[in-house]
Structures are given as structure tokens and as C-alpha cells.
Amino acid sequence: MYNGGKILLGIIVFVLFAAFPFYNNIGKVSAKPEPKLDTPVIQQLAEKKCVESKEFMKAEHMQLLNDWRDSAIREGKRIYVNSEGKEFRISLQNTCMNCHSNKKEFCDKCHNYAAVKPYCWTCHIEPKEKKS
Amino acid sequence: MSMDRRQFLKIAGSSTFLATIGIGAGWILSKPGDFLEASQFSQTKELLNAKQWAMVVDTRKFKTEEDYKKVVDACHRIHNVPNFDNPKDEVKWIWTDTYKHAFPGQENEFMPEQMKHKPFVLLCNHCENPPCVRVCPTKATFKRKDGITMQDLHRCIGCRYCMAACPFGARSFNYRDPRPFIKEPNPEYPSRMIGVVEKCTFCEERLAKGQMPACVEASNGALVFGDIADPKSEIRKILETNYTIRRKAELGTRPSVYYILEIPTSDISGGDSNA
């Protein structure tokens, strides 16, 4: 093999470089995101429940929001009847964020952890929060 | 190991069959549960419905500058319409312009001076045959069942075909991020982002709550809103008892905004003897 040493050295350097994020983070555990639910509106709810169950909202809220969006705007149907027959007005700003008025402690906690950047807030106006 | 043609085909065929079943089963299992299927969507109880919403602008009732301002401000305030200082960047849902610009081709040189300079309230005409809907490549703008030409800004890609197609200049493009230019954002309504086209929606979000459009509410009866397909509606009675014109009706877009013009009776009373 011509220039074997250089090639092997090159491969080793490349592997070390490419694997940097992995060995750099070994043993470091990022704190599990825990979105906060203690907003004044939620505290006053008799039954602390979202429009669907917690497990469903955790896994499917993005799909639910898409369905809400399409229903409200494209079909003009602005009432959501959940699996228990309860009715909710479809609105991100007026229904979701009415309870979850803590966007930084609720939405952003998991979205930052998962490095996802939903572009809801380029148009939708987030609730006013105290700067912490 | 040697394999003849027959054996090869057997193995290949059966493995393809099993793989197909596997993929099919996986697809069925990966579908979301029946959570969403148990739930459904419906219209609000207060919803005001129609076959074709329409508006009459009674220009006789617009007298002072304040009359125009309160109508425009009412709309722009609740819909978070930005106010850019540069007219090139202007975003507008409802605005005013002169007769010559509002009704081009119908102006003439010797018309009453007051008519020449009078501002006319202009807004999206919510055409029955809207050219903006026809050209939109993403169906972001579409015709609702109640006749409102609606936009889904989630889908708008900012190509501005609709702006080119609209003969009324009713559509505005967000050349800049509008957020910093909204003085008092209404927290109940979204704003827009840079790169989308926006216009009047006949306040469909207010109709869903059983309210009249914001401009109509602020106009003190100078704007009348109703279902033009309903012969018993107030708007039909107004159209039957008043002579109205529409903007550029000759283009065949069938606009739904009608204008009652002021006829200065004192000026023409001489020729109007048999009335």
C-alpha cells in the first residue's frame, strides 16, 4: 500500500473528528425536560385535564394541532369534540395558551430538548410572560 | 450449495409474500389509535351562516374623515395589521381611494367636484368568481361555502400570483417582518410573517362567534353586511331600493361589495322635474 501510514493516520483523524459529539457527551446526562403545568388558569381547574389524555397529548399534540388548523381554517369548523364528548373552541392563542400561558416553561422545554423548532410563533402571538 | 431455477423462484416468491404481509401489518399497527377517530369537529352554535356574504357601502353616510378612520382602524387594530411608514411596504385590509382609482373607466372629466375628491372605502370584494383562487398554486387562498374568499396562511408560499391576479389591489405582501410594526397586538388574533400575502377575511373569526365584521360594527350603519343569496335579507332590500355599482364588474369576477353613490340632488334638480 502506497503511503499506508498517511492513509491510516488520515482515517484515524477523520474518525476521531466525526465521532467527537459521541465521546464528548459520554457520561453527561442532559436533564429530562419537565414542562411546567402550574399556571394560574390550570391551578383553578377543577379537573386538571387537557383536551385529550396526557399520554395522547404528549405523543400526538402536533397531529392534533394540524387537524385543528385544517378544521378551523379550511372547513370553518371551530369546535372540537373530544373522545369524551366535551367541546372545546379551536384556537391556539385563545384555548391552548389560555391554560398553558407559560410558553417558555411548557412548549420550549421539550422543543429545545428535542431540538425541534415549530414555527407557530412567527405568526401566532405568544402570551405575555414575565422575563425570568 | 447449488440451487436450481425452480428452488430459487420458490424461495424468492415466498419471501416476497411474507415481506408484503409484514409491511402491511406494520403499516396498520403504526396508524394512530382511535383517539382521533372518536373525536370530531363541528361548527360553533353562534355561527352566522350564508350562501354568499356581501357588503353594501353607503358612501352617503361617510361624511367626515373620522367616519373613514374609525372603520379602517377597527379592522386593522383587531387583525394586527402592521403600519409601515414606507408606502411601498403598505399592508392593508380596508382602505380608501378616490373615485378615479376605485372605479376606473367610469370617471369623467366633468363630474361633480365633491365626487372627484371623495374617498371611497375599499376592501376585498370576496368575488363569486375569484381570480386569486384560480391562480394560487398551493390552494392557500380558497372559496368557503359561505362565499368568503379565505386564505390559509399556513400554506402561503408568497409567490404573489394572487396579487397579480386580483384586479382590485386587495392583497398585500409582507415585504418585511410585520411584528415590530404592530402597535398594540391583539392577543386573540395571529399576526402574519414575512413573505406571505394577506387581505380582508370578512371577519370570518367574528362570524363564527355570531358577531358582525368589525368594520360594519364600527360604521354606524354605513356598511351593511348580509347574505346576498337570501331574498329576505336586509342587504337584498337595500340593493332593491337603491342604485348600486360595483368595482370593475365588467371583468366578470362578480364582486360582492356594492356601492351606493351620493347623487347631489341640488345640482341636477333642474333636469329631474318629473321625479
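The numbers here are math on the coordinates, done by the rules we state, and not lab data. The model shown is predicted, which means the values in this text are computed figures rather than measured ones. With ideal geometry, Cβ positions are generated from the backbone for all residues, glycine too; neighbour counts draw on all protein chains shown.
Please indicate, with yes or no, whether at least one residue in region A:33-56 is surrounded by 10 or more Cβ atoms within 10 Å (Cβ to Cβ) and in contact with a strand residue (DSSP E or B) (Cβ under 6 Å, 6 or more places away or on another chain).
yes
So residue B:70 clears everything in (1) assigned to a helix (DSSP H, G or I); (2) among the basic types (Lys, Arg); (3) over 25 Å from residue B:204 (Cβ atoms) except one condition, right? Which one?
Checking residue B:70 against (1) assigned to a helix (DSSP H, G or I); (2) among the basic types (Lys, Arg); (3) over 25 Å from residue B:204 (Cβ atoms), the one that fails is (3).
Criterion first (touching a Phe, Trp or Tyr at 6+ places or on another chain (Cβ under 9 Å) and within 14 Å of chain A (Cβ to nearest Cβ)) does residue B:30 satisfy it?
no
If you check B:134, B:179, which single one turns out to be out of contact with any Gly (no Cβ under 9 Å at 6 or more places or on another chain), within 11 Å of chain A (Cβ to nearest Cβ), of a type outside the set (A, V, I, L, M) and surrounded by fewer than 22 Cβ atoms within 10 Å (Cβ to Cβ)?
None of the others qualify; the one that does is B:179.
Please go through (1) touching a residue at least 40 places away in the same chain (Cβ under 8 Å); (2) not in a loop (DSSP other than H, G, I, E, B) for residue B:240 and return the number of the only condition it doesn't satisfy.
If we test residue B:240 against (1) touching a residue at least 40 places away in the same chain (Cβ under 8 Å); (2) not in a loop (DSSP other than H, G, I, E, B), just (1) comes out false.
For region B:184-191, does any single residue satisfy the condition of being crowded, with 22+ Cβ neighbours inside 10 Å and free of Cβ contacts under 8 Å to residues at least 40 places away in the same chain?
no
Residue by residue through region A:109-132, note down the ones that are surrounded by fewer than 16 Cβ atoms within 10 Å (Cβ to Cβ) and under 10 Å from the mean Cα position of the chain (by Cα).
The answer is A:110, A:112, A:113, A:114, A:115, A:116, A:117, A:118.
Which count do you get for residues in region A:89-132 that are farther than 21 Å from residue B:154 by Cβ, assigned to a loop (DSSP other than H, G, I, E, B) and either basic (Lys, Arg) or touching a His at 6+ places or on another chain (Cβ under 9 Å) (or both)?
Summing the residues that are farther than 21 Å from residue B:154 by Cβ, assigned to a loop (DSSP other than H, G, I, E, B) and either basic (Lys, Arg) or touching a His at 6+ places or on another chain (Cβ under 9 Å) (or both) in region A:89-132 gives 5.
Would you check if there is a residue in region A:46-58 being over 23 Å from the mean Cα position of the chain (by Cα) and not basic (Lys, Arg)?
Yes, some residue in region A:46-58 is over 23 Å from the mean Cα position of the chain (by Cα) and not basic (Lys, Arg).
Just to be sure, is residue B:108 out of contact with any strand residue (DSSP E or B) (no Cβ under 9 Å at 6 or more places or on another chain), within 14 Å of chain A (Cβ to nearest Cβ) and in a loop (DSSP other than H, G, I, E, B)?
Taking the combined requirement at face value, the residue does not satisfy it.
Consider residue A:81 carefully, then state whether it is surrounded by fewer than 18 Cβ atoms within 10 Å (Cβ to Cβ), in contact with a strand residue (DSSP E or B) (Cβ under 6 Å, 6 or more places away or on another chain) and at the interface with another protein chain (Cβ under 10 Å from one of its Cβ atoms).
yes
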